[in-house]
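First comes the structure, then the notes that go with it.
Nothing in this text is a laboratory measurement; each read-out follows from the coordinates by a stated rule. None of these values were measured; they are calculated from a predicted model. Reconstructed Cβ throughout: ideal geometry from the backbone, glycine too, with neighbour counts over all protein chains shown.
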Amino acid sequence: MKKNYSKQQNVCIIGAGFSGLAAGVLLSKKGYRVTIFEREKILGGRALSLIPSSLGLSDYLDLLSRFKISVPFSVPDLETIFEKKMIDDYKLDSGFHLIGGGRKYVADGDFADIGSNLGFLGSRTGFVTDEGYRYHFFSKLDKIKLLPRVFQLFFYYRESRLKKLDLVPIAISLKQFKNDKLKHALELFSRGISTFNDLSMISTGETIRSLPKLLRGTHSLGYPIGGLKNISNAYADFIIGNQGTIIYGTAVEEIVVENNRAQGVVVDGLFKNFDIVISSMPVQNLFSIVDESCFSSKYVNQLKNLISSGGLCAYYSLKKISNPDLLGKTFMFLQENLDVQGGAAFGLIDFKTACPVTGLAPKDNYLVQAYVICTPDEAKNITVVKKLRNVLDSWMRKLIVDFDEQLNWAIYPAAQQLEGVAKIITNEKPTVETPIDNLYLIGDCIKAPDFGVNCAVSSARILADIL
């Protein structure tokens, strides 16, 4: 329901991650006065873009730990990497973040005037096998052959039926498919959109809704030139230029609720009144700053029991990429017969970050980013993480035959909360609107289209439409 809020009301946004900044932009455009409180001294939230050498080793690790990220492995050890200044002039994300559809989701449409100067590299996805790789995953001929089957699926699975299939595991639905390329694509793609490996927990409805992305466009995945930080900076500049405020290094201590209405927040021990309060923090942590007795026990349990998705990421610095045809491309892989939840692990290796134009690596060096999906518990298990590291390295060697000779260094961040809430059947994501008047939730933990960065920005759009 669209609210009848008047313009020039004061809005508090908790967190300057992608969803908080996107909401700040959209609400500033509507005339609201926006104040964002960010506990860190930098923008980005869980999609941070960092210059580790400017932080120093201890500050780098401390910052990652506050986002439930550790670095269990590196080559050589992190102390050597920092002491020998091997990491100087590199920019690294805190975890693996590509943007589905590229610039159109974060720099076009509602954000066109803000993102006009943002450069993006886009790619479709390829697939790595033991015999080599293919790019694109779907050829033009594949698309032509598959269109009748896809149209058949959409004709049969109208939204009313899809809702019924939301609780049907894709593992069951795949049994009706022959062992063909569409089935293989759904096995891969369902893991990618849910950021979960176990097909018995992934929704058929969600997977089929996302099918068009398999066949549309040439830029199914994008990455901003200069790193994710450039998007955050562009959003922040717009907010500040429209009478908004971003307060760094300041955590909200409490959301004050009276008579089922959010009245404002407590910061540095002082109450600050706001007409609207918006939280972009992981929803599982919401009750650390708002009294859970204000909500029903059902709502509290729903949020507290939501499951995140994890991942082991890898950042590889290379002296040379022997096959320049890899530059700018993204590749999927599936490691089968692996002792992880679901029995197989899906991952991506991205060579867009290796393109010199991104500016993420110093001259004559190349930065490749990769990740493999796991659960939060697996991300904490050193035995499992060691296996996943070997998986990432082995697929890199399939793409780059002289990988070991060309490697300068590698850093492997393990994220327990790569995506705030995994898109799986057992997770009922909350909506943007809460049971409390004037209190709203945004981020990739919220029920909104897509996943990761896209889901976070989509939630901000939903909020802006409501207000």
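In plain terms, the chain from Ser288 to Gln8 could stretch by 97.9 nm, reckoned as 0.36 nm per residue minus the Cα-Cα distance. The magnitude of the dipole of segment 313-467, with charges of +1 and -1 set on the Cβ of Lys/Arg and Asp/Glu and taken from the Cα centre, is near 380 debye. Say the dipole of the chain comes from +1 at the beta carbon of Lys and Arg and -1 at that of Asp and Glu; which of Ile172, Tyr371, Leu318 then lies farthest toward its positive end? Value computed over the given set: Ile172. For the chain, the relative contact order works out to 25 percent when only alpha carbon pairs closer than 8 Å and six or more residues apart are counted. With a Förster radius of 25 Å applied to the beta-carbon distance between Met86 and Tyr135, the computed FRET efficiency rounds to 0.25. Need the C-alpha centroid separation for segment 260-321 versus segment 365-439, integer Å. Here the answer is 21 Å between Cα centres. Under 5 Å between amide hydrogens, built in the peptide plane, is the criterion, and for Val432 it picks out Lys447 among residues at least 5 positions away or on other chains. Derived scalar couplings between HN and Hα for segment 19-28 equal 5, x, 5, 4, 5, x, 5, 5, 6, 4 Hz in order, rounded to whole Hz, by the Karplus curve 6.51 cos²θ - 1.76 cosθ + 1.60 (θ = phi - 60°), x for Gly and Pro. Once the chain from Lys380 to Glu405 is taken as fully extended at 0.36 nm per residue, the excess over their C-alpha distance is 6.0 nm. Estimated from the Cβ-Cβ distance and a Förster radius of 60 angstrom, the FRET efficiency linking Asn273 and Val357 is about 0.80. In terms of the mean number of neighbouring beta-carbon atoms within 10 Å, the peptides 125-135, 226-236 order highest first as 226-236, 125-135.
For segment 399-407, putting each phi into the Karplus relation 6.51 cos²θ - 1.76 cosθ + 1.60 with θ = phi - 60° gives couplings of 8, 10, 5, 9, 3, 5, 6, 8, 6 Hz, in residue order, rounded to whole numbers and with x for Gly and Pro. Take the Cβ atoms of Glu336 and Ser296, set R0 to 41 Å, and the FRET efficiency comes out at 0.45. Remark: segment 52-61, residue by residue, has Karplus-estimated 3J(HN,Hα) of x, 5, 6, 8, x, 4, 5, 5, 4, 5 Hz, where x stands for each Gly or Pro and the curve is 6.51 cos²θ - 1.76 cosθ + 1.60 at θ = phi - 60°. Put simply, the Cα atoms of the chain extend 64, 59, 42 Å along their principal axes, the longest span coming first. The convex hull of the Cα atoms of segment 71-135, projected and averaged over all directions, covers 7.5 nm².
Packing-based ranking of 251-259, 192-200 yields 192-200, 251-259, ordered from highest to lowest mean Cβ neighbour count within 10 Å.
Beta bridges assigned by DSSP with both partners in the chain are antiparallel in approximately 70 percent of cases.
When the Cα convex hull of segment 287-335 is projected onto planes of every orientation, the mean area is 7.2 nm².
Between Gly249, Phe82, Ile400, the Cα set farthest toward the positive side of the dipole of the chain (charges on each charged residue's Cβ, about the Cα centre) is that of Ile400. Within the straight-line cut-off of under 17 Å between alpha carbons, the lysines reachable from Lys319 are Lys84, Lys85, Lys91, Lys352, Lys363, sequence neighbours fewer than 8 places apart in one chain being disregarded. Under the combined filter of DSSP loop state and at most 12 neighbouring Cβ atoms within 10 Å, segment 357-415 retains these trypsin sites (Lys or Arg not before Pro): Lys363.
Among the listed pairs Lys164/Lys298; Lys386/Lys423; Lys41/Lys387, those whose Cα-Cα separation exceeds 27 Å are Lys41/Lys387.
Here is the list for segment 163-194: trypsin sites (Lys or Arg not before Pro) lying in DSSP coil, each with at most 15 other C-beta atoms within 10 angstrom of its C-beta, are Lys178.
Taking 18 Å as the straight-line reach from the Cα of Lys178, the aspartates and glutamates in range (excluding those fewer than 8 positions away in the same chain) are Asp142, Glu187.
Distance between the modelled labels on Glu433 and Ser200, one decimal in nanometres: 3.8 nm (7 Å Cα→Cβ projection). Extent of segment 12-56 along its three principal axes (Cα atoms, max minus min coordinate, largest first): 40, 14, 14 Å. Using the Cβ of Gly115 as centre and a radius below 10 Å, the other residues enclosed give a net charge of -1, where K and R count +1 and D and E count -1.
Looking at segment 272-362, the trypsin sites (Lys or Arg not before Pro) that sit in a DSSP loop and have at most 16 other Cβ atoms within 10 Å of their own Cβ are Lys319, Lys320. Calculated translational diffusion coefficient of segment 31-73 (25 °C, 0.890 mPa s; Stokes-Einstein with Kirkwood radius over alpha-carbon pairs) equals 204 µm²/s.
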